[in-house]
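Novice: Can you keep this structure in mind? I'll have questions shortly.
FYI, it's all coordinate maths here, none of it is from the lab. Keep in mind it's a predicted model, so treat the numbers as computed, not measured. Glycine also receives a Cβ, built like all others from the backbone with ideal geometry; neighbour counts cover every protein chain displayed.
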Amino acid sequence: QVQRRAELAIEEFGGERDKTLLAIRGLSRKARRVGMSIGMLSDLSQNRPIRSHKRWLEPDRLIKMLIESAQDSELTLDPRRGVRFLVLRESFQMLRVHRIKVDLDLLEQAVNNLFDNAAKYSYSNTEVEITGNLWGARKFEITVANQGLRLSHEDAKKCRVRNWRGAEAMLTTGEGSGIGLWIVDNIMKAHDGELVVVPTKSDGVTEISLRFPVD
C-alpha cells in the first residue's frame with residue numbers, strides 16, 4: 001500500500017522534483033523485495049523450485065523498471081558516497097527485434113539484488129553502469145558493472161553458494177546475509193537462463209550479468 005501510494009503521489013505531484021517521494025517509493029519496494037526473498041528462501045529450503053509466470057518482455061517496460069530501480073538505489077544510499085547509477089537505454093532497443101520471455105516480478109527482484117550489491121561494494125564517487133547486450137546469437141544479457149571491492153576468480157565461483165560472503169566484503173561492511181546471488185541464481189534457472197559473474201578486470205571493473213534465452 002505504501003508503495004502504491006508513493007507511486008500515485010509521484011504521478012500526481014511530479015516525483016522528479018521531490019526526492020523524498022522517490023526515496024519512500026524505493027524503501028517500500030525494498031521492503032516488498034525482502035518479503036519476496038523470505039518466501040523464496042522458504043521454498044528453496046524445502047527443495048521447491050521458484051515458479052515463474054513468463055510473458056513477452058516489452059523493451060519500454062524493462063527500461064522503465066531499470067531506471068526506477070536505479071533511482072531507488074541511488075536515493076536509499078548515503079549521498080556522501082556519491083555513487084551514481086546509469087542505465088544505457090539505447091542498449092536495450094535490440095529487444096524490439098530479439099524477444100525474451102520473463103516473469104517481470106522475478107526479474108525486478110534479481111536486478112535489484114545486483115543493484116544492492118553494487119551499491120554496497122562500489123567505491124565512493126563512482127558510477128554503476130547498466131547495459132543490455134546480445135551474447136552470441138541466442139542469448140540476451142543485462143549487465144551491471146561497477147568499480148569497487150575486487151572479486152577474485154575463486155570468489156566468482158563461490159558467490160552463488162547460499163550464505164557465502166567474500167572476505168573483503170565481510171571486512172568492509174557488516175550488511176548482507178549471503179543469499180542475494182544464491183536467490184538470483186535460482187531465479188535465472190527458473191528462466192532457463194544463467195547468472196554470469198566475471199571476476200574483477202585489470203581496469204577495476206566487476207561485471208555481473210543476467211543471461212536469458214532469445215526467441
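Novice: Kindly identify the stretch 1-157 as rounded, prolate or oblate by the Cα gyration tensor criterion: order the square roots of the eigenvalues as a ≥ b ≥ c, call it rounded if a/c is under 1.5, otherwise compare a/b with b/c, prolate if a/b is larger, else oblate.
Specialist: Verdict is rounded for the stretch 1-157.
Novice: May I ask for the distance between the Cα centers of the stretch 141-163 and the stretch 20-72, given as a whole number of Å?
Specialist: Each part reduced to its Cα centre gives a spacing of 20 Å.
Novice: For the stretch 1-94, go through all pairs of different Cα atoms, get the mean of 1/r, take its inverse, and jot down that Kirkwood value in Å.
Specialist: With all distinct Cα pairs of the stretch 1-94 included, I get 15.4 Å.
Novice: Sticking with this one: Projecting each Cα onto the charge dipole of the chain (Lys/Arg +1, Asp/Glu -1 at the beta carbon, about the Cα centre), which of VAL161, ILE130, LEU44 comes out farthest on the positive side?
Specialist: Comparing the listed Cα positions along the dipole, LEU44 ranks first.
Novice: Right, something else. What chymotrypsin sites (Phe, Trp or Tyr not before Pro) does the stretch 66-158 have in DSSP loop regions with at most 13 other beta carbons within 10 Å?
Specialist: TYR123
Novice: Then there's this: If I histogram all Cα-Cα distances within the stretch 65-215 using bins 5 Å wide from 0, what percent of pairs lands in each bin?
Specialist: 2, 9, 19, 23, 22, 15, 7, 2, 0
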